[in-house]
Every structure is written in structure tokens, then in C-alpha cells.
Amino acid sequence: MDEVLTARPLAHPTPGAAGPAVVAAVDLGSNSFRLQVGRVVDEQIYPLDSLREPVRLAAGLGPDKRLDEPSQQRALDALRRFGERLRGFEEASVRAVGTNTLRVAKNARDFLRRAEMALGFPIEVVAGKEEARLIYLGVSHSLPPTAERRMVVDIGGGSTEFIIGSGYQPRKLESLYMGCVSFTLRYFEGGRITKSGLKQAETAARIELQTIERGFSRGHWKQAVGSSGTARALGDLIQANGWGDGSITAEGMERLRAHLLKAGDVERIALPGLKSDRAQVLPGGFAIMSAIFGELGVDRMILATGAMRQGILYDMVGRFHHHDMREVTVRQFMKRYHVDAAQARRVEPLALEFHRALAHRREAHDDTRSQLVAWAARLHEIGLSVAHTGYHKHSAYILGNADMPGFSKMEQAHLALLVLAHRGTLDKVKPLVTDPNDWPVIMSLRLATLFHRTRGPVALPAIEAAWRDGGFELDLPLDWLSRYPLTAAALRSEIREWRALGFDLDVPVLDALEGSFDPVVD
């Protein structure tokens, strides 16, 4: 046997304390793809390079919610160019994040496989509120610190994020399904700008805004801040045409409205400071911003240089320096769902030890999977707050569907899978496991909960565990197991579960036990 396990407590696995000196963020937005490279000095990020590709991914999203091939090809071409710039970067130094269009596209999974090959790095898709959190993190690092509350608005290609926060801390996060690309396509067909089309777009945006108006209206913040392409384009236009000082104002918006209606078509918008690719989506972005000014009581909005890509970089640096938002979220979930912390502290170190042994010298043994094991061990019982019967299913549902700041949708789905698989029959999860390296992880959590089923202190012996081709090996002292007949019965039940999936679980000491009873273990 390769590994000897002991029940010693483990420190939570984290990346190297120093972290990489150069980091990169890829923002796969619904309108533009952006790459930001920065140098890290004392937890501060200094820009080194940036690239922008006007992909307009949301324009390829059809009525059937599937991305068409031309939009996918534009995206893949852009990602190949980004991949060339990132050649030589370590995987831990790069984080790529997809947003609204990749959240809603039904063929997003197939596209992401091609996209990861083009970029050369994994791509995450984040929920709307997590996108909002990353935006605020980037914006707050680009503005002077203040204790006053700010409202940050980021109009993207397919969604618009709203955040109220102070300092570096967001307080309220919302994401609405409206963006400059989707609204331009829907209300300004063929690029035509009409008074009726503009009115319809603004009305639709105001209806969306009414769902958040109560918490985001003027009395809840002192300063409005615009982030990313649409806000910057509007501010640049207002300044370049002498209608304001570079901020977005109600007066400047009215002057711009008159010019857009006079032009009547995106191809005839002749304004200093307007880039050709931005003109194609300007009407939709203008309508959304106009509705925000009217519905939320904004009269002036300053512009921030920071955006989601900078937020991704600062979030990465935070993880390297033990300020991981995911750890905060896990602690909050344990408190919210009244997790038995003592039981979690028993299960977690043993699950990590099993993972270390079963993933030994395999690709599965990396920091990311170790973190997932630790988080799953701490959160596997949150479903008990719903009901004891089938609690693992309740736990999995919560983890797969709740807003979890810091986590990507993929990480949440992975956590949900591990927690769903930690007890009961395995046939329910077989169709969900697409990576064979997940089986040792699932085994680790199942064994850890099995040995701590009594929910009290257990003097565990040294346990030997290993992963062999086609199955697992587990051995422990006969004299110890003979004193724990329920554990022996549970191990026999595990053997049957894994055998039904085509895996061997070999526990030789069970053959030496005589006269042991074999109850049904749920």
C-alpha cells in the first residue's frame, strides 16, 4: 500500500503564499472580450498590457438561445490571439471568466470546450451577482477610497450589473437581463434609431429597473459610478462634443438623444470620440443608461477606469494572500444553515487525508480539488436545515443554485456533485461524473463521513489507502474494526455500491472478521 493515513488535522490547502509576480485576466463579455495583464507588487496590481476584441457574442444568440457559428468563430479567433499573448503563463496565473451570454446559451458547454482549447486555459462562467462583485472589486481599486456609499453601474452586452458599496466592500448586488447588444438588436432593428424604438427600449429598461428601484434609488448612495464600455463611450461622447466634463450628466444625455434621433441610423452617427464598433451598440446602451438616470434618480455619473477584468486580478491576488472570498462564503453558509461545526471539523481532515492518498501521483491531486474536498466536507450537511430525509439532495440543490460569492458556476456544480455523492446510492451520480478523476474525490468524502457516522470523537487507527487501476484498496487493523461492527457493515455496503459501478473496493480485513452481522446501512 502506498499511503498511511492518520487522523491528524490538516491546514486548508492554499496556493503558494507569494503567488505569481505577473497575472492575467480574460473577461469574456457579451459585447467585447478583454485581456488584462498586470504585475503584482505588495498585493497591488500595476498594468502591463491589455487587449480588446469587439466580439459581440450576444449578437449570435438566437431565439432558441443557441450561439450561432459565426459568433462562435469570432470568439475563438479572439481567444487564439489572447492565447498567443499568454503563452508561457502558468495556469495559476491566468483566470478567464465568462458572463451573461455564456450563462444563458444552451450550447455554452460545447462552445467552452472549443474556447478553452483556443485560449489554452480553463474558462469559468460566473453568476450575475458574482459578476457584479468582481466589477465592484475592480472599480473600487481604481477610485479614491471613501466611506460614503457608491452605486456602481456596468452596462454590458447582455446584462447590467448594479452594486452599492463603500470602500472595497459591496453591500448590495444585482444583475438585470438587459444589455447594449441585446437591446440594440431588439429595439433598433437594422440599426435604425426612431423615437418609438427609443421609447420602447427605455420603457422596457425602466420596467426591469423597477424590480430593484426600492434598494438602489437615490437615497441609498451618495455617488453614482459608471464602469466599462457603454458608460465610458457615453462619457467620452459627452466630453468630446462639449456637452460636459467627461462625466455622464442628464443634460449631456439629452443632447446626445437629440443627435441620435437626428442621425436616425447607427451608420450616420457622426460624432467626435465615437469608435465604429461602439456605434453599432450605442442605441441600446444609451436607452438603458437613460432609464437608469430616470428610474434611480441619477443626475450625474462619474466614470471609473477599473472594471471586471481588474476585479478578477485583485480576486486572484486575494486568493494567493489568503483573502479568498470563497472561504468567507463557506463560513457564512455554515452559519446560515446551522452546520454542526464539530462534525465538519472531524470529517474535513480525514477527507483530505483520503484524497491525498487516493489521488497520489495522479492529476487529481492538485490545490483546486483539495479545496473542493475541504469545502464539500464543511458544507455536506447544509441540507439538514431543510429535512433529514435525503438531506444530501437538499445540500446539493442549495450549492448548485444559491448565490455563492467568489464561486464560479462550474465550482458550484462541482461542489453540488460531490455533496450529492457523499452518501446513498452511486447510480444517481454516475451520469453526472464526466471526469474520471472525480471518483477518488467522491470516495474520499464518502469514507470520511462513513468513519465519522457516530458524530463523536473516534480514535481512528492508521489506515492504508490507495487508488489502483480500476479500483481502490483500503486496509486497517483487524482488532480496531472488530470493535466497530457498524463500520464494517458500512464498508461492505460501500463495496457493493462501487462494484455496481464497475469499480473494485478491496478491504481485505473484512474477510478476517468472523460472525459479523451485516445490517442494511443507509
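The values are calculated or read from the model by the stated rules, or taken from the named source; none is laboratory data. Keep in mind it's a predicted model, so treat the numbers as computed, not measured. In this analysis, Cβ positions are derived from the backbone assuming ideal geometry, glycine residues included, and neighbour counts consider all displayed protein chains. Surface areas here come from the heavy atoms of the whole protein model, side chains and all, with no ligands, DNA or RNA. Shrake-Rupley method; radii C 1.70, N 1.55, O 1.52, S 1.80 Å.
Here the gap between Val433 and Arg81, fully extended at 0.36 nm per residue and compared with their Cα-Cα distance, gives a gain of 123.5 nm. Each residue of region 378-389 was assigned a 3J(HN,Hα) from its phi angle through the Karplus curve 6.51 cos²θ - 1.76 cosθ + 1.60 (θ = phi - 60°); the sequence is 7, 10, 5, 9, 5, x, 4, 5, 8, 6, 6, 5 Hz, with glycine and proline shown as x.
Taking trypsin sites (Lys or Arg not before Pro) across region 243-280, the ones in a DSSP loop with at most 15 further Cβ atoms lying within 10 angstrom of their Cβ are Lys275. Taking all protein chains as they are arranged and a probe of 1.4 Å, the heavy atoms of Leu486 leave approximately 90 Å² accessible to solvent. Taking all protein chains as shown and a probe of 1.4 angstrom, Arg453 keeps an accessible surface of around 120 Å².
Couplings for region 438-453, taken from phi via the Karplus curve 6.51 cos²θ - 1.76 cosθ + 1.60 with θ = phi - 60°, read 6, 4, x, 5, 4, 4, 4, 6, 5, 5, 5, 6, 5, 6, 10, 5 Hz in order; Gly and Pro are left as x.
Between Leu460 and any residue 5 or more places off or on another chain, the built amide H atoms are never under 5 Å apart. Heavy-atom accessible area with a 1.4 Å probe sorts Lys393, Lys428, Lys106, largest first, into Lys106, Lys393, Lys428.
Taking a point 7 Å out from the Cα of Glu148 in the direction of its Cβ, the residues of region 223-239 whose backbone N falls within less than 19 Å of it are 223-227.
The Kirkwood hydrodynamic radius of region 331-421, based on inverse pair distances between different Cα atoms, is 13.4 Å.
Restriction of the GluC sites (Glu not before Pro) in region 472-503 to DSSP coil positions whose beta-carbon has at most 15 other beta-carbons within 10 angstrom yields no sites.
Could you do me a favour and compute the accessible area per residue for region 170-320, 1.4 Å probe, result in Å²? If you can, show how the numbers build up before the last one.
Working: 6290 Å² over 151 residues.
Ligands and nucleic acids excluded, the result is 42 Å² per residue.
In terms of the mean number of neighbouring beta-carbon atoms within 10 Å, the peptides 118-130, 210-222 order highest first as 118-130, 210-222.
Our note on the geometry: Cα centres of region 185-232 and region 381-421, 35 Å apart.
Straight-line cross-link reach from Lys65 at under 30 Å between alpha-carbon atoms covers these lysines, not counting any fewer than eight positions away in the same chain: Lys106, Lys129, Lys172, Lys195, Lys199, Lys275, Lys393, Lys409, Lys428, Lys430. Solvent-accessible area of region 69-130 (1.4 angstrom probe, protein heavy atoms only): carbon and sulfur portion equals 47 percent. Short-range pairs are left out: with C-alpha atoms under 8 Å and at least six residues apart, the relative contact order of the chain is 16 percent. Computed 3J(HN,Hα) for region 476-485, one whole-Hz value per residue from the Karplus formula 6.51 cos²θ - 1.76 cosθ + 1.60 where θ = phi - 60°, is 7, x, 4, 5, 5, 5, 5, 8, 10, x, glycine and proline marked x. Between Asp403 and Ala342, the contour length at 0.36 nm per residue exceeds the Cα-Cα span by 19.4 nm.
To put it simply, the accessible area of region 294-420 at a 1.4 Å probe is 53 percent carbon and sulfur.
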